[in-house]
1. Counting alpha carbon pairs within less than 8 Å and at least 6 residues apart, what relative contact order, in whole percent, applies to the chain?
2. What is the sum of charges around Arg26, taking Lys and Arg as +1, Asp and Glu as -1, for the other residues whose C-beta is under 13 Å from the C-beta of Arg26?
3. Per 0.36 nm of contour for each residue apart, how much would the distance between Gln43 and Trp64 grow if the chain were fully extended, relative to their Cα-Cα spacing?
4. On a full-extension model of 0.36 nm per residue, what is the gain between Ser55 and Glu77, subtracting their alpha-carbon distance, rounded to one decimal in nm?
5. Among all the lysines, which ones have a C-alpha under 26 Å from Lys39's C-alpha, if same-chain residues fewer than 8 places away are not counted?
6. Compute the signed sum of charges (Lys and Arg +1, Asp and Glu -1) over the other residues within less than 12 Å, Cβ to Cβ, of Val67.
7. Calculate the dipole size of the range 5-70 relative to its Cα centre from +1 charges on Lys and Arg beta carbons and -1 charges on Asp and Glu beta carbons; express the result in debye to the nearest 20.
Amino acid sequence: MVNGLRIYINDRALEIDSVDRVFYSRRADGPYYSWRFEKRSEQWRCARVHASDFSSKTLSMSNWKAVPSALQSKLVEHYQE
């Protein structure tokens with residue numbers, strides 16, 4: 001896992017399984033990113049979330065073990081130092 005990385009989910013959204021779930025990440029005081037699985041390309045896609053379009057109060061911390069392994073790899077790659 002990456003130092004200082006926090007993973008979040010939106011508990012209020014109807015998310016049946018982890019592949020359909022949207023994950024959010026943030027490292028230290030950096031920007032938030034959303035992570036969605038794109039079924040067509042079978043890859044996780046990331047987008048920076050702008051503060052005006054987003055409320056961090058809707059998020060809950062996620063356990064690293066709940067993050068799909070393919071997404072774990074993308075997160076490590078994204079946050080490489």
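Just so you know, all these numbers are worked out from the coordinates, no wet-lab data involved. Keep in mind that what you see is a predicted model, and the values were worked out from it rather than measured. Neighbour counts are summed over all protein chains in view; Cβ atoms, including those assigned to glycine, are modelled from backbone coordinates with ideal geometry.
1. Across the chain, relative contact order equals 32 percent.
2. Spelling it out: positives minus negatives among the neighbours equals +2.
3. Result: 5.7 nm gained on full extension.
4. Separation in residues times 0.36 nm, less the Cα-Cα distance, equals 5.4 nm.
5. Within the straight-line limit of under 26 Å, Lys39 reaches these lysines: Lys65, Lys74.
6. Its environment carries a net charge of +4.
7. Here the size comes out at about 160 debye.
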